[in-house]
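One structure below.
The values are calculated or read from the model by the stated rules, or taken from the named source; none is laboratory data. Source: prediction; values computed, not measured. Positions of Cβ are generated from backbone atoms using ideal geometry, with glycine treated the same way; all protein chains shown enter the neighbour counts. Please note that ligands, DNA and RNA were not included when accessible areas were found on the heavy atoms of the full protein model with its side chains. Shrake-Rupley method; radii C 1.70, N 1.55, O 1.52, S 1.80 Å.
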Amino acid sequence: MRIQCPFCGERDSSEFTYLGDATVRRPDPSAPEQYFEAVYLRDNPAGRHEELWYHGFGCRSWLRVTRDTRTHEIFTVEMYNDATTETNQEAARA
Amino acid sequence: MSGHRLGKGGLIDRQRALTFQFDGRRFTGHAGDTVASALLANGVQLVGRSFKYHRPRGILTAGSEEPNALVELRTGARREPNTRATVAELFDGLEATSQNRWPSLGFDVGAINSLLSPIFVAGFYYKTFMWPAAFWEKVYEPLIRKAAGLGRASEQSDPDIYEKAHAFCDVLVIGGGAAGLAAALSAARAGARVILCDEDFVLGGRLNGDRREIGGCSGVEWTQRAAAELESLPDVRVMRRTTVFGAYDGNTFGAVERVSDHLPTPSPHQPRQRLWKIVARRIVLATGAIERPLVFGDNDRPGVMMSSAARTYLHRFGVAVGHSPVVFTSTDDGWVTAFDLARAGIAVRAVIDTRTKISASLLSGAKQTGIYTLLGAQVVATQGSHGLTRVTVRKHDGGMENLKADALCMSGGWNPNIALSTHLGGRPRWSDELSVFLPSELRGTIVAGAARGSFTLAAALREGAAAGAEAAQSTGHDAPAWSAPTVDDELSGVTPCWRIADSRGKAFVDFQNDVTADDVTLAAREGFTSVEHLKRYTTLGMGTDQGRTSNVNGLALLAAATGRTIPEVGTTVFRPPYTPVSFGAFVGHHRGKDFRPTRLTASHRWAAERGATFVEAAQWLRAQWFAEPGETDWLQTVNREVKSVRSSVGVCDVSTLGKIDIQGKDAATFLDRVYINMISTLPVGKTRYGIMLREDGFVMDDGTTAHIAPGHYVMSTTTVNAGKVMQHLEHARQVTWPELDVQIVSITEQWAQYSIAGPNSRRLLERLLGGAIDVSNEAFPYLACAEFQWQSMRARLFRVSFSGELAFELAVPARYGDATIRALMTAGQEWGVVPYGLEALGVMRIEKGHVAGNELNGMTTAADLGLGRMMSTKKDFIGRVLAGRPGLVDANRPALVGLKPVDRSKRLFAGAHFLSSGATVALNNDQGYLTSVAFSPMLDHWIGLGLLARGQARVGERLRAYDPLRSGEIEVEVVSPVFFDPEGARLKG
């Protein structure tokens, strides 16, 4: 698999580490009951999945990768903390 | 003698004779031969025994799809089993041995299986080895393992080297036949970066095995011109002897280049094979087609061969497969073989065509050549003990006729070679018109020629050129128009004939796994009607050839047996590798010590000069101890090192510990959130020990953080977790709190760091550093840190201690590491400074009750380690919430304690489990275990750290440390984990 790192360009997937669902947010510490779900419970979708990849053998960026889990087709790759991305602008508005 | 070399023809070098051995007999071949062609040229028909029935087998094909002619190649450490004789290139002195026979190929005891064949039917293993259950492990499995498998591995270390390489291109063309060459030419002429891979050692594919004409010259000439043109272009890489064995995500392909397989031994500094990872923007799949055998009685007799293979041996190798061959066909292509053989002067005994009507041109051709022709007829049986002597034909009118023959060329039509198209989950689709499975649409890939069912040469060239142009265009290159060369005419009619009804003897579908037509029908009768079940029950298509010649016939038989159509039955798909790939190629240079990189510290050479014994710590090599002359036992050495440190001074390389530089306006806030304790209160010039949790509440790592300048911190991690902590911090910084202004970078390799420990450590540093920094207790108290100018460099000093002694850590840029440690040793001569290793470091940390990797095992909480009070209640931090879970604050959890043997002369062993006295040895009585042990030279007996249920409340209690594998059982006493200097007085002096 190849991942188009926004910083380094297209690289082999062996340079990256997979973490999982990129939509999980660390819950507010005042809501401890949400922690169990946030830490342990994950969906296992067949199809489009927004996920976190870490470019450990490159620029060390955490990336938000949208990938089809059935075909490994990658639709988008963006820096997780890039404020200019649509996802982050939406989050900022919300 | 049946096969023989013709007086002329072929792409072999008749001037270069090569001698080789098969089963100890010497033969001669020529450069350009394969083992198979050379054996056929010498009249050898019998080359192996079949897997299950040990039936005599010959050469079926002339390519990598070969199921029968598997031999052991070479001898000694280079012996390689299951090598396909049909692709193994001949070299002088080659030694090949037949497989799966005993005592000899001609007389094989195992052939008795053939007489017992009624019990060796489909599902034989499942039916036979069921009862009694206890027999499985002791009797059946060893028996099956002994009988199973074909060749023998060498069981010696491979003397050759293998390497890996990467390549990138615009257009990857897989297959160097007519379609592939046309594709490569049109893409290359457009200026695209092209890689052309072919598994063969000559390009051309079927063009070498046929007598064809392209644009007025022979197919072979055209191939040579195309190859020459491609090789003259700078952006084209032509890779012969290179099998693309797998398709992977992101247009990545695995390929193995057989660099030296055609040589007796690799040339100096050359690998045996090279594994390629090829990343292509577009792919042209031009993998051709594979001819289907016909399924009739005793169709596996040596001498029965694919019709196209006979033609390849004739045209490419100048070898006639027999003196009086018979052609058995259901296709027009079979007739080409008959005509070509006849033209070469071979007396074709007959053509038996299953069809009742054939084209007029074939009939007139038959008339001209005078070949005896039987239409609407079938071969129903063959005779001959170790090779074909006679075939029995049922004629159209039902009458039988025996024909003398020493070779039978069968032609059942062509199956597109679609294996690579299915590796990523592509499902083949059935074509009613062609009666074949075609590859499905693939992203980024264009299929051309016979691989997509276009079986004529004209179509292969046309489609190949179009595919190459399209691939070039879609990668931004303007492709000039391609004027397809004219080719001679051909007929390509096929009437599929899946099984010859009522034939005698075993009719093989899968030659390699000995699966017969009857096995397929039996499996269907027993309910294995799904194609996947059929495959596993009968083992159809599960050999090393992946059923290249057998799958479609098997599916057709299953369809007939279950009254369905072939598309209703469906098909299994292929997995990488396309053909077997040696482990060596996948391993490459990653063997032995080179399995992973070795990291050496700046003082490594110095340590080696001092006679250090090294040990692996993550990827690093660290000095374990420094034996002095006369010391005979590692414990003696370690005891001396510990005593020297505690009585005077010692130096230890601690450069391998992870070092992370943290800067930014919000660095303190950030550190507060990743550590359980408060860092934001740490003043500049001070260091603090910290514990880091995972979000699930368990301890992840520990280390110190030094505040060396406003907003500038240096964190240390354990050696093993350095990378993991870095990733964790990056996650916290980028994902969890992107709003924080903080930057981090690993500086582990940039700084060499040395611990100077012991009562004389300050004196040593004063001498070494002179006036560069004041290290008095007043100016530089416990946990102080500073960056300072020392000679030409910026150095850092930390007053931290893992040993419990007065200690410092001096950090210098890594390039000064070697000089610094030598200077430290010189400066400490007056006090008898010793270098100490990881083992002494471990002894001293156990004496002080400091936790390390054995305790930071991912299953312990801060409280378990006696560090619960460090958890700040004034702030949020990673892991805080879940660390408060009932299970993690349970008072019964195992917690850190010290242990001493009650009999002080006894040795402790890590891993021993605690049992209360009187408790039976049972898992539910388990109270915890010893995590770390050491011989304490200060206390003069063994000591240990352990995790014991309710541990801290049990000091004074006696327990049994149960270790059935080594020491048996030792009585231990629970004590405080701090064995030495519990007040910490030495630390602060």
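Restricting the first residue to the stretch B:230-257 and requiring it to be at pLDDT below 95, which pairs with a second residue that is open to solvent by 50 Å² or more (accessible area, probe 1.4 Å) and not in a strand (DSSP E or B) meet a Cβ separation below 6 Å and a spacing of at least six or different chains?
Close Cβ pairs (under 6 Å, with a partner that is open to solvent by 50 Å² or more (accessible area, probe 1.4 Å) and not in a strand (DSSP E or B)) amount to B:D249/A:H72.
Please list, ordered by first then second residue, the pairs with beta carbon atoms under 7 Å, 6 or more apart or interchain, first in the stretch B:881-897 and part of a helix (DSSP H, G or I), second charged (D, E, K, R).
Pairs found: B:L882/B:E695; B:L882/B:D696.
Looking at the stretch A:17-40 only, could you name the residues that are among the aromatic types (F, W, Y) and either within 11 Å of another protein chain (Cβ to nearest Cβ) or on the phi > 0 side of the Ramachandran plot (or both)?
A:Y35, A:F36, A:Y40 - these are the residues of the stretch A:17-40 that are among the aromatic types (F, W, Y) and either within 11 Å of another protein chain (Cβ to nearest Cβ) or on the phi > 0 side of the Ramachandran plot (or both).
Residue check: is B:D298 out of contact with any Pro (no Cβ under 8 Å at 6 or more places or on another chain) and on the phi > 0 side of the Ramachandran plot?
Criteria met by B:D298.
State which residue pairs qualify: first residue farther than 20 Å from B:V725 by Cα and inside the stretch B:600-621, second residue open to solvent by 40 Å² or more (accessible area, probe 1.4 Å) and hydroxyl-bearing (S, T, Y) in any location, beta carbons under 7 Å apart, and separation of 6 or more residues or different chains.
B:L621/B:T598
Within the stretch B:946-984, how many residues are among the basic types (K, R) and open to solvent by less than 60 Å² (accessible area, probe 1.4 Å)? So that I can check it myself, show each step before the final result.
Kept after step one, since they are among the basic types (K, R), are these residues of the stretch B:946-984: B:950, B:954, B:958, B:960, B:966.
Those still in the list that are open to solvent by less than 60 Å² (accessible area, probe 1.4 Å) too: B:954, B:960.
Going through the stretch B:946-984 one residue at a time, the tally reaches 2.
When you go through (1) of a type in the set (D, E); (2) open to solvent by 50 Å² or more (accessible area, probe 1.4 Å); (3) within 19 Å of B:A381 (Cβ to Cβ) one by one for B:E526, which number turns out not to apply?
(3)
Taking the stretch B:910-925 as the search range and keeping residues that are touching a Leu at 6+ places or on another chain (Cβ under 7 Å) and not hydroxyl-bearing (S, T, Y), which one is most open to solvent (accessible area, probe 1.4 Å)?
B:V921
Among the residues of the stretch B:868-907, write down those that are of a type outside the set (D, E, K, R), surrounded by fewer than 20 Cβ atoms within 10 Å (Cβ to Cβ) and either under 30 Å from B:S967 (Cβ atoms) or away from chain A (no Cβ under 14 Å) (or both).
Answer for the stretch B:868-907, where residues must be of a type outside the set (D, E, K, R), surrounded by fewer than 20 Cβ atoms within 10 Å (Cβ to Cβ) and either under 30 Å from B:S967 (Cβ atoms) or away from chain A (no Cβ under 14 Å) (or both): B:G868, B:M870, B:A891, B:N892, B:V902, B:S905.
Looking for something closer than 30 Å to B:R548 by Cα and polar (S, T, N, Q) - is there at least one such residue anywhere in the stretch B:398-405?
Scanning the stretch B:398-405, I find no residue that is closer than 30 Å to B:R548 by Cα and polar (S, T, N, Q), so the answer is no.
Considering (1) in contact with a Ser or Thr (Cβ under 8 Å, 6 or more places away or on another chain); (2) open to solvent by less than 10 Å² (accessible area, probe 1.4 Å), say which one B:A722 fails and leave the rest.
(2)
Could you count how many residues in the stretch A:60-94 are within 13 Å of chain B (Cβ to nearest Cβ) and surrounded by 15 or more Cβ atoms within 10 Å (Cβ to Cβ)?
Summing the residues that are within 13 Å of chain B (Cβ to nearest Cβ) and surrounded by 15 or more Cβ atoms within 10 Å (Cβ to Cβ) in the stretch A:60-94 gives 18.
State all residues of the stretch B:418-444 that are among the polar types (S, T, N, Q) and surrounded by fewer than 23 Cβ atoms within 10 Å (Cβ to Cβ); if no residue qualifies, say none.
B:T422, B:S431, B:S435, B:S440
Just one of the numbered conditions (1) more than 9 Å from chain B (Cβ to nearest Cβ); (2) open to solvent by less than 40 Å² (accessible area, probe 1.4 Å); (3) not hydroxyl-bearing (S, T, Y) is not true of A:G56; which one?
(1)
Check B:L856 against each of (1) part of a helix (DSSP H, G or I); (2) more than 14 Å from chain A (Cβ to nearest Cβ); (3) hydrophobic (A, V, I, L, M, F, W, C); (4) within 30 Å of B:V735 (Cα to Cα) and name the one condition it does not meet.
In the conditions (1) part of a helix (DSSP H, G or I); (2) more than 14 Å from chain A (Cβ to nearest Cβ); (3) hydrophobic (A, V, I, L, M, F, W, C); (4) within 30 Å of B:V735 (Cα to Cα), B:L856 misses (1) alone.
What do you reckon, is B:Y836 farther than 30 Å from B:I679 by Cα, hydroxyl-bearing (S, T, Y), more than 14 Å from chain A (Cβ to nearest Cβ) and open to solvent by less than 20 Å² (accessible area, probe 1.4 Å)?
Against the criterion (farther than 30 Å from B:I679 by Cα, hydroxyl-bearing (S, T, Y), more than 14 Å from chain A (Cβ to nearest Cβ) and open to solvent by less than 20 Å² (accessible area, probe 1.4 Å)), B:Y836 qualifies.
When you look at B:L987, is it closer than 19 Å to B:E847 by Cβ, open to solvent by less than 50 Å² (accessible area, probe 1.4 Å) and at pLDDT below 95, yes or no?
On the way: closer than 19 Å to B:E847 by Cβ: yes; open to solvent by less than 50 Å² (accessible area, probe 1.4 Å): yes; at pLDDT below 95: yes.
Spelling it out, B:L987 is indeed closer than 19 Å to B:E847 by Cβ, open to solvent by less than 50 Å² (accessible area, probe 1.4 Å) and at pLDDT below 95.
Among the residues of the stretch B:894-924, which ones are under 18 Å from B:A953 (Cβ atoms) and touching a Ser or Thr at 6+ places or on another chain (Cβ under 7 Å)?
B:G898 - this is the single residue of the stretch B:894-924 that is under 18 Å from B:A953 (Cβ atoms) and touching a Ser or Thr at 6+ places or on another chain (Cβ under 7 Å).
If B:W131 satisfies every condition in (1) out of contact with any strand residue (DSSP E or B) (no Cβ under 8 Å at 6 or more places or on another chain); (2) modelled with pLDDT of 95 or more but one, which is the exception?
(2)
If you take the residues in the stretch B:932-945 that are open to solvent by 10 Å² or more (accessible area, probe 1.4 Å) and assigned to a strand (DSSP E or B), which one is farthest from B:N854 (Cα to Cα)?
B:H941
Of the residues that sit in the stretch B:684-711 and are in contact with a strand residue (DSSP E or B) (Cβ under 9 Å, 6 or more places away or on another chain) and within 14 Å of chain A (Cβ to nearest Cβ), which one is least open to solvent (accessible area, probe 1.4 Å)?
Restricting to residues being in contact with a strand residue (DSSP E or B) (Cβ under 9 Å, 6 or more places away or on another chain) and within 14 Å of chain A (Cβ to nearest Cβ), the top hit is B:L693.
Among B:V745, B:V714, B:V725, B:V735, which is the only one that is within 14 Å of another protein chain (Cβ to nearest Cβ) and part of a strand (DSSP E or B)?
Unique residue meeting the criteria: B:V745.
If I filter the stretch B:748-765 down to residues being away from chain A (no Cβ under 14 Å) and under 39 Å from the mean Cα position of the chain (by Cα), which single residue comes out as nearest to B:G828 (Cα to Cα)? Don't jump to the end; show me each part of the working.
Filtering the stretch B:748-765 down to residues away from chain A (no Cβ under 14 Å) leaves B:749-765.
Pick out the ones that are also under 39 Å from the mean Cα position of the chain (by Cα) and you get B:749-753.
Numbers: B:E749: 26, B:Q750: 25, B:W751: 22, B:A752: 19, B:Q753: 17 Å.
Across the stretch B:748-765, the extreme among qualifying residues is B:Q753.
Among the listed residues B:D653, B:D545, which satisfies the condition of being buried (at least 23 other Cβ atoms within 10 Å of the Cβ), among the acidic types (D, E) and within 30 Å of B:F296 (Cα to Cα)? Before the answer, list the steps.
Details: B:D653 fails: within 30 Å of B:F296 (Cα to Cα).
Going through B:D653, B:D545 in turn, just one is buried (at least 23 other Cβ atoms within 10 Å of the Cβ), among the acidic types (D, E) and within 30 Å of B:F296 (Cα to Cα): B:D545.
Checking the conditions here, which among B:T669, B:T687 is of a type in the set (S, T, Y) and either more than 30 Å from B:G887 (Cα to Cα) or part of a strand (DSSP E or B) (or both)?
Result: B:T687 is the single residue among B:T669, B:T687 that is of a type in the set (S, T, Y) and either more than 30 Å from B:G887 (Cα to Cα) or part of a strand (DSSP E or B) (or both).
Would you check which residues across the stretch B:608-651 are aliphatic (A, V, I, L, M) and more than 36 Å from the chain's Cα centre (by Cα) and list them?
Passing the criteria: B:A627, B:L635, B:V638, B:V642, B:V645, B:V649, B:V651.
Does any residue of the stretch B:198-215 turn out to be open to solvent by less than 10 Å² (accessible area, probe 1.4 Å), away from every other protein chain (no Cβ under 14 Å) and farther than 30 Å from B:N68 by Cβ?
Yes.
Would you be able to say whether some residue in the stretch A:35-43 is surrounded by fewer than 16 Cβ atoms within 10 Å (Cβ to Cβ), of a type in the set (G, A, S) and either touching a residue at least 24 places away in the same chain (Cβ under 8 Å) or under 30 Å from B:A722 (Cβ atoms) (or both)?
No, the stretch A:35-43 contains no residue that is surrounded by fewer than 16 Cβ atoms within 10 Å (Cβ to Cβ), of a type in the set (G, A, S) and either touching a residue at least 24 places away in the same chain (Cβ under 8 Å) or under 30 Å from B:A722 (Cβ atoms) (or both).
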